[in-house]
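The values are calculated or read from the model by the stated rules, or taken from the named source; none is laboratory data. These numbers come from a predicted model, not from an experiment. Cβ placement follows ideal geometry from the backbone for every residue including glycine, while neighbour counts extend to all protein chains displayed.
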Amino acid sequence: MSLVLCRRAKVYIELSVAIGDFVQTISDLASSDLGPSLSHSLFALADVERKAQDLEAEQAQQDLVTITNTADEYARLINSVRVSCLCC
């Protein structure tokens with residue numbers, strides 16, 4: 001499970017970077033001479049994509065916290081089993 005979460009976090013990070021590149025491209029395009037309505041629409045799209053980028057980065061961070069917590073719990077479980085076996 002931990003490996004799956006680690007891969008998932010990596011995918012979220014890569015997706016966040018790709019979205020950032022896309023946002024920059026859309027913003028540059030919106031700044032060119034395309035007409036006010038198309039520029040406005042592209043700026044709005046860039047804002048939505050920035051929010052998506054933030055969410056992807058946040059999800060990656062949360063996944064890393066989950067991985068760390070899972071590893072800590074696993075270590076405590078192993079230690080508990082080890083102590084219980086020593087007592088027997």
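Just the residues that are β-branched (Val, Ile, Thr) and free of Cβ contacts under 8 Å to residues at least 24 places away in the same chain, please, taken from the range 12-46. The answer is VAL17, THR25, ILE26. When the residues of the range 22-33 are narrowed to those that are of a type outside the set (S, T, N, Q) and loosely packed, with under 12 Cβ neighbours inside 10 Å, which ends up modelled with the lowest pLDDT? Per the stated criteria, the residue is ASP33.
Which one is farthest from ILE19 (Cα to Cα), of the residues in the range 47-88 that are in contact (Cβ under 8 Å) with a residue 40 or more places away in the chain and among the charged types (D, E, K, R)? So, considering only residues that are in contact (Cβ under 8 Å) with a residue 40 or more places away in the chain and among the charged types (D, E, K, R), the one farthest from ILE19 (Cα to Cα) is ASP63. Restricted to the range 34-88, and to residues there that are among the aliphatic types (A, V, I, L, M) and loosely packed, with under 10 Cβ neighbours inside 10 Å, the residue that is nearest to VAL4 (Cα to Cα) is VAL83.
Quick one: would you say SER41 is more than 20 Å from VAL17 (Cα to Cα) and either part of a helix (DSSP H, G or I) or in contact with a strand residue (DSSP E or B) (Cβ under 9 Å, 6 or more places away or on another chain) (or both)? Yes, satisfied.
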